[in-house]
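Below is one structure, written out as structure tokens; the observations come after it.
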Amino acid sequence: MNDTTDVARHPEFVALKKTKSYADGVGPATTLIIPVDASNHAGAPTTLVRDAHRVGLKVHPWTVRPENDFLPAEYQQGNPGSPSFERAAGDASRFLADLYRLDVDGIFSDDSALAVSTRHRQRR
């Protein structure tokens with residue numbers, strides 16, 4: 001959805017309102033908040049978090065993992081030609097920070113210490 005859409009009648013917004021009738025929150029994949037294209041490059045954030053909050057739902061996306069293989073290209077680090085590139089740590093902290101800036105309420109992460117420390121830095 002974009003800002004010019006009649007949000008209250010948009011099918012995704014209607015679905016969120018229906019979800020609110022039986023749930024307190026949603027747990028979308030991170031790509032439903034920060035989409036990626038076929039080349040794994042991050043696109044513009046969606047309005048999912050804002051729209052979910054409008055109907056009173058919390059948003060806890062899943063699952064942030066620190067390895068390059070699980071991060072959009074902009075957050076990957078190291079030499080893509082290396083055989084260990086996919087398993088190498090990328091900049092998951094920056095990816096987490098970008099998700100927190102979009103006002104997610106929590107995050108499922110394989111590195112909870114990193115997720116918590118990033119959240120604390122965001123709140124300062």
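The table below lists the values:
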quantity: Pairs where the first residue, in the range 98-120, is without any contact (Cβ under 8 Å) to a residue 40 or more places away in the chain and the second is surrounded by fewer than 16 Cβ atoms within 10 Å (Cβ to Cβ), C-beta under 8 Å, 6+ apart; calculated: Tyr100/Gln122; Arg101/Gln122; Thr118/Ala97
quantity: Residue in the range 14-25 that is within 20 Å of Arg119 (Cα to Cα) and open to solvent by less than 50 Å² (accessible area, probe 1.4 Å) present; calculated: yes
quantity: Residue selected from the range 99-124 under the condition closer than 15 Å to Pro28 by Cβ and among the charged types (D, E, K, R), by the criterion least open to solvent (accessible area, probe 1.4 Å); calculated: Asp105
quantity: Residue count for the range 38-58, restricted to those that are open to solvent by 30 Å² or more (accessible area, probe 1.4 Å) and touching a Gly at 6+ places or on another chain (Cβ under 6 Å); calculated: 1
quantity: The listed residue being touching a Leu at 6+ places or on another chain (Cβ under 7 Å), modelled with pLDDT of 95 or more and either open to solvent by less than 40 Å² (accessible area, probe 1.4 Å) or part of a loop (DSSP other than H, G, I, E, B) (or both), out of Ser93, Ser82; calculated: Ser93
quantity: First in the range 26-48 and on the phi > 0 side of the Ramachandran plot, second anywhere and among the aliphatic types (A, V, I, L, M), Cβ under 6 Å, 6 or more apart; calculated: Asn40/Ala73
quantity: Some residue of the range 59-71 being within 30 Å of Lys17 (Cβ to Cβ), part of a helix (DSSP H, G or I), open to solvent by less than 50 Å² (accessible area, probe 1.4 Å) and not acidic (Asp, Glu); calculated: no
quantity: Tally of residues being open to solvent by 50 Å² or more (accessible area, probe 1.4 Å) and not hydrophobic (A, V, I, L, M, F, W, C) across the range 26-37; calculated: 2
quantity: Residue match in the range 80-95 (condition: touching a strand residue (DSSP E or B) at 6+ places or on another chain (Cβ under 9 Å), within 26 Å of Leu16 (Cα to Cα), in contact (Cβ under 8 Å) with a residue 24 or more places away in the chain and among the hydrophobic types (A, V, I, L, M, F, W, C)); calculated: yes
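The values are calculated or read from the model by the stated rules, or taken from the named source; none is laboratory data. Computed from a predicted model, the values in this text were never measured in an experiment. With ideal geometry, Cβ positions are generated from the backbone for all residues, glycine too; neighbour counts draw on all protein chains shown. Heavy atoms of the whole protein, side chains included, go into the accessibility calculation; ligands, DNA and RNA do not. Shrake-Rupley method; radii C 1.70, N 1.55, O 1.52, S 1.80 Å.
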